[in-house]
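Quick notes on the structure that follows.
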């Protein structure tokens, strides 16, 4: 299974992209500022048979930008980043 990290996954194009890639069989790491919209997209991906997790981040600090990548579950496969 391939993995993809989508920033802005809580709304708009990021939300739609996360859903499409989840349907395509990718493990989606949904990243955004607000937990509730991220949980919504992750829940929808899982409800449609996909795999996903959320990571709340603003990417305001350099160290924050590494957290979603380093916390990727082992079963997620290879990162495309």
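List of remarks:
- Evaluation of residue 49 against (1) at pLDDT 95 or above; (2) outside any loop (DSSP other than H, G, I, E, B) (one fails), failing number: (2)
- A single entry from 20, 44 fulfils the requirement of being touching a helix residue (DSSP H, G or I) at 6+ places or on another chain (Cβ under 9 Å), part of a helix (DSSP H, G or I) and at pLDDT 95 or above: 44.
- Within the range 23-41, considering residues that are in contact with a strand residue (DSSP E or B) (Cβ under 6 Å, 6 or more places away or on another chain) and not in a helix (DSSP H, G or I), the one surrounded by the most Cβ atoms within 10 Å (Cβ to Cβ): 30
The values are calculated or read from the model by the stated rules, or taken from the named source; none is laboratory data. Since this is a predicted model, take the numbers as computed values, not measurements. Cβ coordinates were reconstructed from backbone atoms using ideal geometry, including for glycine residues, and neighbour counts include every protein chain displayed.
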